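Step one of this worksheet: look at the structure below.
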Amino acid sequence: PERAIALDAASQVEVAARSIPCPRCRGALRVEDHTAETLDGVRLRVAQVACSACGARRKLYFRLGAASLN
């Protein structure tokens, strides 16, 4: 969660998760679940993904909303 991927909207979570290749075999990831969670006081979107090729499972963390400049 410390390196959550920044996105503008929740509608981008599944698209972004599917665009990341499996770190084990570089296969395509499929989203099994997508939830909103609060971790260490920070609201994040969590995508539980599995590789279509090797079956490896992992969680990807996303932070919604652009950082405020002011």
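Just so you know, all these numbers are worked out from the coordinates, no wet-lab data involved. Please read all numbers here as calculations on a predicted model, not as lab measurements. All Cβ positions, glycine included, derive from the backbone under ideal geometry; neighbour counts span all protein chains shown.
For this structure, a couple of remarks:
- The set of residues in the stretch 44-70 that are under 14 Å from Ile5 (Cβ atoms) and not aliphatic (A, V, I, L, M) comprises Arg45, Arg58, Lys59, Tyr61, Phe62, Arg63, Gly65.
- Scanning the stretch 29-43 for residues that are under 25 Å from Cys54 (Cα atoms), loosely packed, with under 15 Cβ neighbours inside 10 Å and not β-branched (Val, Ile, Thr) returns Arg30, Glu32, Asp33.
- In the stretch 14-43, residue farthest from Glu2 (Cα to Cα) [restricted to those that are polar (S, T, N, Q) and under 11 Å from the mean Cα position of the chain (by Cα)]: Ser19
- Only residues that are buried (at least 16 other Cβ atoms within 10 Å of the Cβ) and under 10 Å from the mean Cα position of the chain (by Cα) were counted in the stretch 49-70, giving 5.
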